[in-house]
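Okay, so here's the structure we're looking at.
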Amino acid sequence: MARNRRNQSGAVWLIPALKAGVLCSMLGGSAVGYVLQKNVLHDLGQNITKREALLERLKWENKMRAQHLANLQLPIHIEQRVREQRLPLGKPQQTIWLAEPDRDASARTTPGVLVVESGVKSH
């Protein structure tokens, strides 16, 4: 004859329920973790895209500013600014050009020595 269920202990009923609860919580927890990871990856991707766009814009601005600086350093513009500000400056009689040493040559020569070439530059 079959045993009456009322006579079984509570542990027999509780163990399958606990197993199901643990399994559901593990699956649910891993699903939540997966979604959180995907959100973090998405945010990081957007952050990288924004920073790359910012980098490109800053490179472009840097290039424009370098061109503007080179334009301002032209002798014609310097003379024009001297005239505009009425500074008592004249044209230089002699121009001395300091050549930067080669990186390979600087390793062979004594450090701190610059090569000086003198010459007159005409405009």
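The string of couplings for segment 65-72 from the Karplus curve (6.51, -1.76, 1.60, θ = phi - 60°) is 5, 5, 5, 5, 5, 4, 5, 6 Hz, one whole number per residue in order, with x for Gly and Pro.
Shown is the FRET efficiency for residue 95 and residue 56, computed with R0 = 41 Å from the Cβ-Cβ distance and rounded to the nearest 0.05: 0.60. Sequence-ordered 3J(HN,Hα) estimates for segment 35-46 from the Karplus curve with 6.51, -1.76 and 1.60 and θ = phi - 60° stand at 5, 4, 4, 5, 5, 5, 4, 5, 5, 5, x, 5 Hz, glycine and proline given as x.
Placing pseudo-labels 7 Å out from each Cα toward the beta carbon at residue 30 and residue 85 gives an inter-label distance of 7.2 nm. Full extension of the chain between residue 66 and residue 14 yields a length gain of 11.1 nm, computed as 0.36 nm times the residue separation minus the alpha carbon distance. Net charge of the neighbourhood of residue 72, taken over other residues with C-beta under 11 Å away and scored Lys/Arg +1, Asp/Glu -1, is +2. Which of the three applies to segment 8-91, rounded, prolate or oblate, going by the alpha-carbon gyration tensor with a ≥ b ≥ c and a/c under 1.5 meaning rounded? Prolate shape, in that a/c is at least 1.5 and a/b is the bigger ratio.
Each reported figure results from applying straightforward, stated rules to the coordinates on display, with no laboratory input. In this text, all values refer to a predicted model and were calculated from it rather than measured experimentally. Quick reminder, even Gly has a Cβ in these numbers, built from the backbone with ideal geometry, and neighbours come from all protein chains shown.
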